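Below is one structure, written out as structure tokens; the observations come after it.
The values are calculated or read from the model by the stated rules, or taken from the named source; none is laboratory data. Everything numeric here is computed off the predicted structure, so don't read it as measured data. Methodologically, a virtual Cβ is constructed for each residue, glycine included, from the backbone with ideal geometry; neighbour enumeration extends over all protein chains shown.
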Amino acid sequence: MSFLERVDQTIRRSAVWRSLFRQPYPNDERSRAYAVMNNVFLHIHPVRVRQHAVKFAYTFCLGGLSFFLFLVLTVTGVYLMFYYVPSATQAYSNILAIQSEVTFGLLTRNIHRWGAHLMVFFVFLHMMRVFYHGAYKPPREFNWVVGVVLLFLTIMLSFTGYLLPWDQIAYWAITIGTNMGGYAPLFNTPAKLILLGGIEVGQNTLLRFYVLHIMVFPLLAAIFLAVHFWRIRKDGGISGPL
Amino acid sequence: MADTSTPPERRVVLPVDPTRRTEIDKQRVPMSARPYRLLALVKQDAVVRVQKEPDDTVMTWPHLLSIEFLAAAMMSIFLLLLGLFVNAPLEELANGNVTPAVAKAPWYFLGLQELLAYFHPTVAGVLVPTFVLVGAAVIPYVDRGNPTATRPSERKTAVVLFTLFCILGLVLTFVGIFFRGPGYGFAIPYVNTPGLHFAL
Ligand code: HEM
């Protein structure tokens, strides 16, 4: 037995390993079923899936990658939160410090930024793929509606995050964005006042967008994602085949 | 010396009055010998299943999970490279008194901002976005055609309408991104305006 094999054996036989994984590496159908069923993260999946649903060219992994991006954004976002204060006098210098002083700060910010744009893009693409497959038809009507809510939440997550660096891009993009929405009948002045916390983008706006960005929208998204995934199973798995 | 170690714990299965034994009692075995649970009772339709439904399924592990893992890995590599080589934009400190020459909303709102150039703000900023979101949400309740008709060729109207709508949105966004310069006026990048006026 080679050294590596012996290390492998020792690890697999250790009490810690066996307390983590209750069965050996899943090689037969029964243990493969258990591997999925007994794992809290994997049991989101059924034990078996229909053949066409695992073809890359059916879903293009778009929903799954949207979710993966959501996870990446959560992790990188938490790291950024350690160094960021939502204050009109500090936010910008915090971003500068994140880029120049914080370990992997620049990389983290870059990944968070590009990941966010990519997520919006992928959610759009996912929606298109669902449409072209007619996957919104019964029994999946409601999951489509949940999806539209998720699209809205994704865009709002991106939009509220856009203000946080508190630079000229952020300030004016949010000024224009909120001006556009500020013309709702009933809604206009009060809505803008509530959203901005004032007549123009300022400290109140920054704090509000921050709270929405790191708390309200992520929580809502998590809830709707749970419903979305639950419904996929309850609606009989992935639609198709075409 | 007497054996002082405690005897192994045993589960006692209480005997059931033979006259009242049910189907389940007959199958009863000690819990220790049965590491599974009763999830549901299914009424059997026939002793022999005459026709088994064709099984077109595969195991989730490895068939689905390996693909998911691969997709996540590729995406991670892509994001890592992107993050290493392309920096996120950052301009000067926000200043409400200095309006930049070109002020644009984030790209996903540029279609709307483009509409703002043609229509009243109520239309571009309120009616259209409301219509788009609500319109998208009610698609399944409007398209009440044959639910089994999912091929694009079987639902031409829906596909054509949706595609036209997507193209319209794409064109508007595209113009907003590339062909709008100072003061949000029409401009051809690199020709009559220096470079792109667009930040991600
Ligand atoms: C945060 C955004 C979203 C995430 C993370 C997400 C995730 C997923 C995932 C993982 C699936 C499994 C199949 C696949 O990967 O394609 C799925 C299916 C589905 N999604 Fe989404 N989704 C999102 C947004 C949307 C949107 C915007 C819509 C439509 C308006 C939508 C409608 C649906 C429907 C109807 C299905 C079932 C498709 C089928 O059975 O073929 N989802 N979603």
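Considering only segment B:78-99, I want to know if a residue exists there that is touching a Gly at 6+ places or on another chain (Cβ under 8 Å) and at pLDDT 95 or above. Yes: segment B:78-99 contains one or more residues that are touching a Gly at 6+ places or on another chain (Cβ under 8 Å) and at pLDDT 95 or above.
In segment A:121-151, the qualifying residues are those that are within 16 Å of B:M75 (Cβ to Cβ) and surrounded by fewer than 21 Cβ atoms within 10 Å (Cβ to Cβ), and the one that is farthest from the other protein chains (Cβ to nearest Cβ) is A:L125. Being more than 22 Å from A:R113 (Cβ to Cβ), more than 7 Å from every other protein chain (Cβ to nearest Cβ) and hydrophobic (A, V, I, L, M, F, W, C) is the filter here; which residues of segment A:43-93 pass it? Of everything in segment A:43-93, those that are more than 22 Å from A:R113 (Cβ to Cβ), more than 7 Å from every other protein chain (Cβ to nearest Cβ) and hydrophobic (A, V, I, L, M, F, W, C) turn out to be A:I44, A:A53, A:A57, A:F60.
Condition first: farther than 15 Å from B:W107 by Cβ and in contact with a Pro (Cβ under 8 Å, 6 or more places away or on another chain). Now tell me which residues in segment B:182-200 satisfy that. Residues satisfying the conditions are B:T193, B:G195. Pairs linking a residue in segment B:177-198 that is part of a helix (DSSP H, G or I) to a residue that is among the polar types (S, T, N, Q) and surrounded by 12 or more Cβ atoms within 10 Å (Cβ to Cβ), with Cβ atoms under 8 Å and 6 or more positions apart or on different chains, are B:P182/B:T193; B:Y184/B:Q113. For segment A:1-26, the tally of residues that are surrounded by 10 or more Cβ atoms within 10 Å (Cβ to Cβ) and without any contact (Cβ under 8 Å) to a residue 12 or more places away in the chain stands at 11.
Take the conditions of a type in the set (A, V, I, L, M) and assigned by TED's automatic domain parsing to the domain that holds A:L225 and apply them to A:L65. Does it pass?
On the way: of a type in the set (A, V, I, L, M): yes; assigned by TED's automatic domain parsing to the domain that holds A:L225: yes.
Taking the combined requirement at face value, the residue satisfies it.
Being under 22 Å from A:Y162 (Cβ atoms), facing chain A (nearest Cβ under 10 Å) and of a type outside the set (A, V, I, L, M) is the requirement here; does B:G145 meet it?
Answer is no for this residue.
Taking segment A:41-148 as the region of interest, the helices (runs of 4 or more DSSP H) fully inside it that hold 3 or more residues being within 13 Å of the ligand (Cβ to nearest atom) are A:56-59, A:62-81, A:105-132.
B:R180 - would you say it is closer than 19 Å to A:Y136 by Cα and surrounded by 12 or more Cβ atoms within 10 Å (Cβ to Cβ)? Judged against the criteria, B:R180 is not a match.
Return yes when A:T154 is more than 8 Å from chain B (Cβ to nearest Cβ) and near the ligand (Cβ under 9 Å from one of its atoms) and no when it is not. Break it down into steps so the answer makes sense when it comes.
Details: more than 8 Å from chain B (Cβ to nearest Cβ): yes; near the ligand (Cβ under 9 Å from one of its atoms): yes.
Criteria met by A:T154.
Of all residues in segment A:205-242, those being in contact (Cβ under 8 Å) with a residue 12 or more places away in the chain and either in the same structural domain as A:I44 (by TED's automatic domain parsing) or within 16 Å of the ligand (Cβ to nearest atom) (or both) number 21. Could you grab me the full set of residues in segment A:107-118 that are out of contact with any Ser or Thr (no Cβ under 6 Å at 6 or more places or on another chain) and more than 7 Å from chain B (Cβ to nearest Cβ)? If the condition is that a residue be out of contact with any Ser or Thr (no Cβ under 6 Å at 6 or more places or on another chain) and more than 7 Å from chain B (Cβ to nearest Cβ), then A:L118 is the only one that fits.
Would you confirm, using the coordinates I've provided, whether B:N192 is more than 12 Å from every other protein chain (Cβ to nearest Cβ) and out of contact with any Leu (no Cβ under 8 Å at 6 or more places or on another chain)? Considered against the rule, which asks whether it is more than 12 Å from every other protein chain (Cβ to nearest Cβ) and out of contact with any Leu (no Cβ under 8 Å at 6 or more places or on another chain), B:N192 comes out as yes.
When each of A:G202, A:G197 is tested for being out of contact with any strand residue (DSSP E or B) (no Cβ under 7 Å at 6 or more places or on another chain), within 12 Å of chain B (Cβ to nearest Cβ) and either small (G, A, S) or free of Cβ contacts under 8 Å to residues at least 60 places away in the same chain (or both), the lone residue that passes is A:G202.
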